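So the structure is just underneath, and the comments pick up after that.
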Amino acid sequence: MANMLALVECTFLKRANGILLIYNHLPVDDAPTIIDHLESFSKYSQFKVWKVNALYGFPSFLKDYEFSTIVLHYSQWGGAMSSAAKPLYDWLEQQNSHKIQFCQDENYNCGYRFSFINRMRIDWIYSPLAPKYHQQIYGLKCPQVKKVFHTLCGYVSDNMVAKANRFYKPNLDRPLDVGYRGRVLPPYLGRGAMEKQEMGLGFLARANGSGLKLDIDVNEQHRLYGDDWYRWLSNCKTVLGVEGGGSIFDVDDEVWNEYWKKPRSYEEMPQELMKKYDGKVFYQHFTPRHLEAAASRTLQVLFEGNYYGIMKPWEHYVPLKKDFSNFNEVVQSIKNFSTRMDIISKCYRDLIESQKFTYRKFIGQFDQNLLDAGFSPSIEPELASQIEAQLNAYVKSQRIHRALETLIAATYHKQFLGRNIVAKIYHTVRQ
């Protein structure tokens, strides 16, 4: 009887040839690449795209439609755990749409992620995980996934180039010789993730007496976002960097669970357990930070690494050995104006001017994958406008919710008097 009712209900659903894009994002200045990635779908795709922020719950009118494709953005992982978003994901679980999950940072809390992918019956995955590991990870843990596509963590956007140009300063006019903004990451990400801290502190410890003007910090509260990031980059002749991601892919959550029994440093973790996973699956990436530095025409000094083969040492960056054994050679390269500008110019030409790594090109390939699978972008204009109007009305109805989310986000991203009181009140109201 239940199956018959479901069949009858399906016959009344309106088929929408387009993409429902589900994401989760607080209304604050975050790393600009998240917004650029989100906006690229509606900006460049030939398919109609409707965006739903899981932060604001479930727009019930979605029950009237069957979307040909549903894309779950990597930002929605946090939203999927929210009680406010539960009705949305309960609905999603029942949909027979072609479902695509974008992944980032999927190398920890894997049990939850694999369970979610299997429960939602995801068809395709886009991941920065190197293709040679796709079968080992997703083939074994998520066997219903039909295809895994390799993707970058971010691409060159018009916004990135515009902001880099807006704040651009000639290299000799920049007051800082070397800048760095890193962060201390938890040990369950592996030794590779520790490099973000080691790069900054190691360079700073050795730079005494070098004559370089430095702005190096690895504290979370001093990270920069939005315009502040591009403004700071334009003040640096050189920026330090490492590969993103980590060197542990903890498919069984052993390291993850051990860490949360008692949070501690990498050295304090059981070393036999760390050896079991660390370095076994390569999960270190070329990141949007490298593109942002290239667009800002800032020299990059990077720990030696793979960088997906996109950036080559002494062509696109100055390589620094992880034991700092070539530190003096690197300092001389930083100080040499000719060397600096040769590498900056080639990096800008190959990564930015070449148009090889743009969001337009990324979405073009994404669309082609859908077209090759038999999906059509054609849709009745009236239907597209109807869904758009209903979604806009829903967003408008959530304006008080959005204002509260903005306020609570400020308690995490900004220092101000009474922030703890505001956070307690908000959480009480939301419960």
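List of remarks:
- Beta bridges by DSSP in the chain, antiparallel share as percent, to the nearest 5: 5
- Ranked by how many other beta carbons lie within 10 Å on average, peptides 96-103, 274-281 from highest: 96-103, 274-281
- Extension gain (nm, one decimal) between Glu380 and Lys322, 0.36 nm per residue minus Cα-Cα: 15.2 nm
- Relative packing of peptides 259-271, 131-143, 237-249, 169-181 - highest average C-beta neighbours within 10 Å first: 237-249, 169-181, 131-143, 259-271
- With the simple spin-label model, which puts each label point 7 Å out from Cα in the Cβ direction, the Val395 to Asp228 separation comes to 2.6 nm.
- Approximating the spin labels as points 7 Å out from Cα along Cα→Cβ, the Asn96-to-Arg119 distance works out to 2.3 nm.
- Amide H within-cut-off set for Leu21, under 5 Å, with H built and near neighbours excluded: Trp50, Lys51, Val52, Val71
- Length gained when the stretch Phe149-Arg183 is fully extended (0.36 nm per residue, less Cα-Cα span): 9.3 nm
- Length added when fully stretched, Gln136-Lys86, from 0.36 nm per residue minus Cα-Cα: 15.0 nm
- Within the set (1) 66, 44, 35; (2) 79, 51, 48; (3) 110, 77, 47, the number that Cα extents along the principal axes in Å takes when calculated for this structure is listed as (2).
- Taking the fewest neighbouring Cβ atoms within 10 Å as the starting point, the ordered list for Phe167, Phe357 is Phe167, Phe357.
- Each Lys or Arg adds one and each Asp or Glu subtracts one; over the other residues with Cβ under 14 Å from the Cβ of Asn257, this totals -1.
- Secondary-structure-derived ellipticity at 222 nm for the chain, considering helices only, amounts to -12500 deg cm²/dmol, per-run term -39500 (n - 2.57) for DSSP H runs with n ≥ 4.
- FRET efficiency for Phe282 and Lys261, using Cβ-Cβ distance with R0 set to 41 Å, rounded to 0.05: 0.90
- Relative contact order for the range 158-353, counting Cα pairs under 8 Å that sit 6 or more residues apart, in percent: 24
- Count Lys and Arg as plus one, Asp and Glu as minus one, and take only other residues whose Cβ is under 12 Å from that of Ile310; the net charge is then -1.
- Spin-label model, Lys312 to Ser42: label points 7 Å out along the Cα-to-beta-carbon direction sit 4.1 nm apart.
- Environment charge of Ile122, counting only residues whose C-beta is closer than 14 Å and scoring Lys/Arg +1, Asp/Glu -1: +4
No lab work stands behind these numbers, since they all come straight from the coordinates. All of these numbers come straight from a predicted model, not from anything done at the bench. Here the Cβ is made from the backbone with ideal geometry for all residues, glycine too, and neighbour counts use every protein chain on show.
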